[in-house]
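The values are calculated or read from the model by the stated rules, or taken from the named source; none is laboratory data. Only a predicted model underlies this, so the values are computations on that prediction, with no experimental measurement involved. Because the Cβ atoms are built from the backbone with ideal geometry, glycine has one as well, and the counts that use them run over all protein chains shown.
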Amino acid sequence: MIEREKPRETTGEDPEGAAPDAALPREPFPCPYCGQLLAPNCRVCVACKVPIDPTHIARLQRSPAAAPPEIIATAELEPPVGFPGRFFLIFLGVWIVVVSIVLSLLGPVKSQLALGGVQILTSGWVFYDAHEKGLPKPLRWGMGTLFLWLFMFPWYLVRRTRPAAPCPFVEGPAGPMTRALFIILLVVFFILILRGTATP
């Protein structure tokens, strides 16, 4: 007689060919690689662009240092940090007043040096602060503030108040146009430096 194959006993562990979605949570969870808060249906991290491994999520949830689900769910509801147009207009008005006062007190040459020093110091502070707060792409924030200070510095002031919210425009993957724009700005920056040092 041919013996029938006995069915395999089910265990608590998922079979080897199980779908990866079975181990994914039903509530917002932090990325196991960079800590970015993700939606339950997210399969690729929006910050570091690494595919989500369900086993790492399960291991992170079993860890005692994992954040409570209520806190994660509350933070996940925050919308992305876009460009703060209203705050930018206020910042621009204040900056115009400051520049006018500095020009009247120091003159054109000294005021240019003073304002350039403020730009360099604040870009260094942006890089340091973003690194300390654990924000994605701190170097990109710092370099963006250095080359596009008037736009990036007020944007970062708003970004740092919402560290749990994503900012895909700045912290997302850089495309060819973004890289080309960065190279152009870098070339223009060095040309301005050379022209400034060449003038008597």
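Summary table below
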read-out: Among the candidates F169, F151, F147, residue that is out of contact with any Leu (no Cβ under 8 Å at 6 or more places or on another chain), more than 20 Å from G35 (Cα to Cα) and not charged (D, E, K, R); value: F151
read-out: Residue count, region 80-113 (criterion: surrounded by 15 or more Cβ atoms within 10 Å (Cβ to Cβ) and small (G, A, S)); value: 1
read-out: Residues satisfying the stated conditions in region 130-146, i.e. surrounded by fewer than 18 Cβ atoms within 10 Å (Cβ to Cβ) and part of a helix (DSSP H, G or I); value: H131, E132, K133, L139
read-out: Neighbours by Cβ (under 9 Å, 6+ apart or cross-chain): first from region 100-122, of a type in the set (S, T, N, Q); second modelled with pLDDT of 90 or more and surrounded by fewer than 10 Cβ atoms within 10 Å (Cβ to Cβ); value: S111/S104
read-out: Counted residues, region 147-200 - those being at pLDDT 75 or above and either over 21 Å from the mean Cα position of the chain (by Cα) or part of a helix (DSSP H, G or I) (or both); value: 22
read-out: Within region 99-139, considering residues that are of a type in the set (A, V, I, L, M) and in contact with a Ser or Thr (Cβ under 7 Å, 6 or more places away or on another chain), the one farthest from P163 (Cα to Cα); value: L103
read-out: Boolean, A73 is part of a helix (DSSP H, G or I) and either within 20 Å of P163 (Cα to Cα) or modelled with pLDDT of 80 or more (or both); value: yes
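Table: residues versus (1) more than 23 Å from E171 (Cα to Cα); (2) at pLDDT 75 or above; (3) charged (D, E, K, R); (4) part of a helix (DSSP H, G or I).
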site	(1), (2), (3), (4)
E27	yes, yes, yes, no
N41	no, yes, no, no
A65	yes, no, no, no
P79	no, yes, no, no
I101	yes, yes, no, yes
P108	yes, yes, no, yes
Q112	yes, yes, no, yes
L115	yes, yes, no, yes
